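The block underneath contains the structure these notes are about, expressed in C-alpha cells.
What follows draws every value from the coordinates through simple rules; no lab data is involved. Because the structure is a prediction, the values reported are computed rather than measured. Cβ coordinates were reconstructed from backbone atoms using ideal geometry, including for glycine residues, and neighbour counts include every protein chain displayed.
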Amino acid sequence: MTNEEILSGLAEIVNEVAGVETSEITRDKSFVDDLDIDSLSMVEIAVQVEDRFGSKVPDEDLANLRTVGDAVDYVAKHT
Amino acid sequence: MTPPDVVVTGLGATTPLGGDIASTWDGLLSGRSGLSALTREWVDRYELPVRIAAQLATEPAETLKRVEARRWDRCEQVAVIAAREAWQHAGLGDDGVEPERLAVVIGTGIGGAVTLLEQDDLLEQEGMRKVSPLTIPMLMPNGPAAYVGLELGARGGVHTPVSACASGAEALAMAWRMLRAGEVDVVVAGGAEACITALPLAGFAQMRAMSTRNDEPERASRPFDTQRDGFVLGEGAGVMVLEREEFAAARSATVHGRLAGIGTTSDAYHITAPEPEGIGASRAITAALRTAGVEPSDVGHVNAHATATSVGDVAEAAAIRSSIGDHPVLTAPKSALGHLLGAAGAVEGIATLLAVRDNLIPPTLNLDEIDPEVKLDVVAGASREVELHAAVSDSFGFGGHNVALTFTQA
C-alpha cells in the first residue's frame, strides 16, 4: 500500500470519527492542535485503523502519533 | 433585602408533538396526539406487551451535525436541541452574560440508558475493543447538562437533579433557588429523556404501569378517564432560560412570564406507589404558592402530572382540592405528549407558562368519562380561554418526589 493510499484511508476514518473535512487532513497537521481531536476520538481512530489496515496500535505508540504524517508512517511500517 | 424575582426569557423544546416550542404548543392547543404505534423489530422479538409510544416528531439527526449525533446519546441530543432554541429565544448571544454568572440545570430520569444497553451488546458480541471510548460520557446522567454547559460556556455550575419523573421540574426549582440566592444571573434549566427501547418498556410493563391499548395508540393515554390503564412512554426535552428580573430588565429582554414560586416535598411512603391521599403533593403545592406569594384563590389553572394510572390521578386530584380548592381548571398534557419522564416536568412547566401568557388552556385528550373521584373541572374537547393570573404545574416521581411550580404573568 502506498503512503497516499494510507493517507486517504486515514482521512476517511478521521472524517467519520471527528467530522474533520478530508481535505484538511494532511501530513503536517497535528491531531490535537490543528484538527481538534481529543484523546477519546484518538482511541476510536486507532480501533478503526486496526480494522482497516490490520496494524495494531498499542497505547504507548498511540501517544507518540502527534501528526497525521506520524500515523501514516506508523501504518506503513506495521502492515 | 427581598430576594430577586425570577423571570423566563427563553423557551425551547423538542417533543412528540413537534421539533420546537411553536409546533409543540400549537399541537397541545389544537388537541393533536403525539402517540403512535411502535414498529421497531425488538417489539416483536421480545413480545413486548406495550406496542405504543410517543416518539419525537423530528429526528434529532435532522438538526444536528453528523459528528454531534454520533458522539451524543439521544438524551444529550434532545437536551442540546432544546437548549439551543431557548438560548436563541432569550437573545443572550455570545456575550449577554458573564460565563461565571451562567449556570445550567438539566434533569433526567435515567440518562443514557440506550447507550448503556447498546454498548453492553457490543461488549457481549464483539468484545472489549469495540466498546466506544465515548460510552461513559454518553451514558452518564449529567451528560445532557454537561453538553449544554459546554455549548454555552457556562462556568457558574452545571447540575443534574435525578428524581425520576419529577427531574425536569426539580431542575426548574433548583434554578429558581440559585437565582433567588443570587448565585448567578442566568440559568438554563429543564429536562431531557430519550429511552424508548426494549428494557425500559419491559421494566415499566412489568410494574403494570403502562397502557396496553395497542390497537388505538392515540386513545391510549387517558388521564382522569374512567378507562385509563397507565402511561405511554415518550421522549423529548424542554428547556427554559431563567434570569434574575433586574438582569433581564437591564438588557431589555422580553419576559414571557415568571417562575414565581416552587415547592418540593417527599412522601416517605413507598418506593413507587403514590401516597393515596396526595398529602405530600398537597404540601408541595402549598409551598409553591407560599413562596410565590400567591393565594389559592388566585390560581386559575393546574397543569396536572396525571399519568393515567389508577391511583396517581385521583391522589393528585385530592391534593389539588386540599391545597388550592375546586376552582382551578385542569389539563393533563400527557394525554397528547405521552410521559416524557425526566423531561415531563420541564415541558409541562413550559406549557403552564404559555397558558398563563396566552390565557389559553389546552384540552385533555381521551377524556370520555371523567373519574367521579376527580371532582375537578378538566378541559376536554377544545382549548379553553381563561384569564389567568397564576397557574401551577405538578410533577411527581418514583421515589416519592413531589414538585410544584407556580407561574405568573410577566
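With a 10 Å Cβ neighbour count serving as the proxy for reagent exposure, in which order, fewest first, do B:Thr406, B:Thr9, B:Thr63 appear?
In order of increasing Cβ crowding within 10 Å: B:Thr63, B:Thr9, B:Thr406.
Quick one: Cα centre-to-centre distance for the range B:41-62 and the range B:187-203, in angstrom?
One Cα centre to the other: 13 Å.
Report the gain in length on full extension from B:Leu199 to B:Asn214: 0.36 nm times residue separation, minus Cα-Cα distance, nm rounded to one decimal.
In short, 3.6 nm is gained.
What do you get for Rg/Rh of the range A:1-72 when both radii come from the Cα atoms and Rh is the Kirkwood radius?
Expressed as Rg/Rh, it is 0.90.
Only counting other Cβ atoms within 10 Å, I'd like B:Phe204, A:Phe31 sorted with the fewest neighbours first.
By the 10 Å Cβ count, ascending, the order reads B:Phe204, A:Phe31.
Once you place label points 7 Å from the Cα toward the Cβ at B:Asp368 and B:Ser266, how far apart are they in nm?
It works out to 4.1 nm between the two label points.
Would you kindly derive the ³J(HN,Hα) couplings of the range A:58-71 from the backbone phi angles with the Karplus curve 6.51 cos²θ - 1.76 cosθ + 1.60 (θ = phi - 60°), listing them in order in whole Hz, with x for Gly and Pro?
The phi angles translate into x, 3, 5, 6, 4, 5, 8, 7, 7, 10, 4, x, 4, 5 Hz.
Given contacts defined as C-alpha pairs under 8 Å and at least six residues apart, what's the relative contact order of the range B:6-250, whole-number percent?
Dividing the mean separation by the residue count of the range B:6-250 yields 31 percent.
Top mean-square fluctuation among B:Arg101, B:Arg45, B:Arg258, Gaussian network model of chain B, C-alpha springs under 10 Å?
Highest fluctuation of the listed residues: B:Arg45.
Please average, across the residues of B:128-135, the number of beta carbons from any other chain that are within 10 Å of each residue's own beta carbon, and give a whole number.
4
Given R₀ = 25 Å, what would the calculated FRET efficiency be for A:Ser30 paired with B:Glu151, taking r from the Cβ atoms and rounding to 0.05?
Between A:Ser30 and B:Glu151 the formula returns 0.50.
Run the simple label-point estimate for A:Asp59 and B:Ala69 please: 7 Å along Cα→C-beta, distance reported in nm.
Once both label points are built, they end up 3.3 nm from each other.
Can you list the residues, at least 5 places off or on another chain, whose amide H is less than 5 Å from the amide H of B:Asp225, using H built in the peptide plane?
B:Asp371
If a helix is a whole DSSP H run, which ones in chain B reach 18 Å or further along their own axis (Cα) and hold a mean Kyte-Doolittle hydropathy of at least 0.0?
B:167-180, B:279-292, B:310-323, B:344-358
Give the percent of DSSP beta bridges with both residues in the protein assembly as shown that are antiparallel, rounded to the nearest 5.
65
If you average the sequence gap of Cα pairs under 8 Å that are 6 or more apart and divide by the length of chain B, what percent do you get for the contact order?
24
Which of B:Ala79, B:Ala273, B:Ala318 moves the most in a Gaussian network model of chain B with Cα springs under 10 Å?
Of B:Ala79, B:Ala273, B:Ala318, the Gaussian network model singles out B:Ala273 as fluctuating most.
Restricting to bridges with both residues inside the range B:6-250, how much of the DSSP beta-bridge set is antiparallel, in percent to the nearest 5?
Here the share of antiparallel DSSP bridges comes out near 65 percent.
Near the amide H of B:Leu360, under 5 Å away, which other amide H atoms are found, from residues 5 or more places off or on another chain, if H is placed in the peptide plane?
B:Val386
Amide H neighbours of B:Met210 under 5 Å, counting only residues 5+ apart in sequence or on other chains, H built in-plane at 1.01 Å?
Result for B:Met210 returns B:Phe231.
Mean-square fluctuation check for chain B, GNM, Cα pairs under 10 Å: which of B:Thr212, B:Thr309, B:Thr39 is largest?
For chain B, modelled as a Gaussian network with Cα springs under 10 Å, the answer is B:Thr39.
Can you give the extra length, in nm with one decimal, that the chain gains between B:Glu124 and B:Ala22 once fully stretched, where that is 0.36 nm per residue apart less the Cα-Cα distance?
Answer, rounded to one decimal: 32.4 nm.
Which net charge results for the neighbourhood of B:Thr160, defined as the other residues with beta-carbon distances under 13 angstrom from its beta-carbon, given Lys and Arg at +1 and Asp and Glu at -1?
-3
Calculated from DSSP H runs of 4 or more alone, at -39500 (n - 2.57) each and per residue, what is the 222 nm mean residue ellipticity of chain B, nearest 500?
Calculated mean residue ellipticity at 222 nm is -10000 deg cm²/dmol.
Calculate the FRET efficiency for B:Arg101 and A:Glu50 from the Cβ-Cβ distance with a Förster distance of 41 Å, rounded to the nearest 0.05.
0.30
For a quick check: sort A:Val43, B:Val186, B:Val97 by the number of other beta carbons within 10 angstrom, fewest at the front.
A:Val43, B:Val97, B:Val186
Looking at the square roots a ≥ b ≥ c of the eigenvalues of the Cα gyration tensor of chain B, which shape do they give, rounded for a/c under 1.5, prolate if a/b is larger than b/c, or oblate?
It comes out oblate by the Cα gyration axes.
Distances over 28 Å make up what percent of all Cα-Cα pairs in the protein assembly as shown?
More than 28 Å apart: 53 percent of the Cα pairs in the protein assembly as shown.
Taking θ as phi - 60°, what are the ³J(HN,Hα) couplings along the range B:231-241 by the Karplus curve (6.51, -1.76, 1.60), each to the nearest whole Hz, with x for Gly and Pro?
Rounded to whole hertz, the list is 8, 10, 5, x, 9, x, 8, x, 9, 10, 9.
Mind jotting down the distance between the C-alpha centroids of the range B:128-168 and the range B:285-299, whole Å?
Cα centroid of the range B:285-299 versus Cα centroid of the range B:128-168: 33 Å apart.
Name the shape class, rounded, prolate or oblate, that the alpha-carbon gyration tensor gives for the range B:6-250, where a ≥ b ≥ c are the square roots of its eigenvalues, rounded holds for a/c under 1.5, and otherwise prolate holds if a/b is larger than b/c and oblate otherwise.
Oblate.
Could you tell me whether the range B:260-408 comes out rounded, prolate or oblate from its Cα gyration tensor? Rule is a ≥ b ≥ c as square roots of the eigenvalues, rounded for a/c under 1.5, then prolate if a/b exceeds b/c, otherwise oblate.
The shape class here is rounded.
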